[in-house]
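The values are calculated or read from the model by the stated rules, or taken from the named source; none is laboratory data. All figures in this text were calculated on a predicted structure; none of them were measured in a lab. So basically every Cβ, Gly included, is an ideal-geometry build from the backbone, and we count neighbours across all protein chains shown. For the accessible areas, the whole protein counts, side chains as well, though only heavy atoms, and no ligand, DNA or RNA atoms are used. Shrake-Rupley method; radii C 1.70, N 1.55, O 1.52, S 1.80 Å.
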Amino acid sequence: MIPSPTKIVVIHDTLKYNDPLIVELIDAYGEENVTLIEHSEEGLQFVLKNRTQKMIVILDLDLHEDEPQGIEIFRAIRKETSLVYIIIWTAKDINSLSKPNLVELVNNDFLSLEHSTTDYGRVLPLVTKAQHQLEVRVDTILEEWISSLSQEERAKPFIVSSEGEHTLEDLIKSIRLGETLGRKIERNILKLAVNLLTKQKVSFND
C-alpha cells in the first residue's frame, strides 16, 4: 500500500493563503495537503473527522473571542487522538500562559511552542521533524493499515483479551487514548518485528 501523505492543518484566525508560512508549506507539501482554517470549531471538526490520516496541526492560541480558544482545541484533539502532532504558533505572550495550561501542553505532547513574531522559517523544520516521526511510529503504521480495511472488517472481533473481544476499531481508539491494551499491541508488534529480523533476512522495497 502506498503511504498516505501527511496532512498539515493550520488553525489561525489572521493568516491567509498568501502569507509566507502557508506559501512555503504548500510549496513543500503540495496544495492538496495544506488546509488553512480561520474558525477554531471548524478546524477542530476537520481534525477529528480526518484523524485516521497522518496529520500535523499548527495551532494559534488566541482565536476569535466568540469561539473556542487554542488551549480548548488542543484539549479536544488530545481527548480523541494522541497521533496528531501539534505545533503551537502564536502571537500570545508565552509568559502570560497560566502554569496549568503550560503543564497541560507538556503532559499531552505538544511538539513545540513558537512565537509568531519570530522567523516563520523556524516552523518549517518542526513540520519536517513531525512528518518523519509520524512515518516511523508503530501506532501510525498500524492505524494506516487498519484504515485501509473495509468498515465491515474493522467491526469484526480481532483479538481476545482478559477484558473480552476487541475489534480493530477498538484498537484504534485504545492506541489513540494511550490505554493499556493499545500499548500492549504496540509492544507486541515491535517484539514480533525484532524477532523476524533476527531470524531471517528481510528485503526492504521502500
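Key figures for this structure:
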| item | result |
| --- | --- |
| Failed item in (1) under 19 Å from residue 53 (Cβ atoms); (2) at pLDDT below 85, with residue 162 passing the rest | (1) |
| Members of the range 151-169 found to be in contact (Cβ under 8 Å) with a residue 12 or more places away in the chain, among the charged types (D, E, K, R) and either in a helix (DSSP H, G or I) or open to solvent by less than 40 Å² (accessible area, probe 1.4 Å) (or both), listed by number | 153, 154, 169 |
| Extreme residue, modelled with the highest pLDDT, among residues of the range 105-127 that are out of contact with any Ser or Thr (no Cβ under 9 Å at 6 or more places or on another chain) and surrounded by 13 or more Cβ atoms within 10 Å (Cβ to Cβ) | 124 |
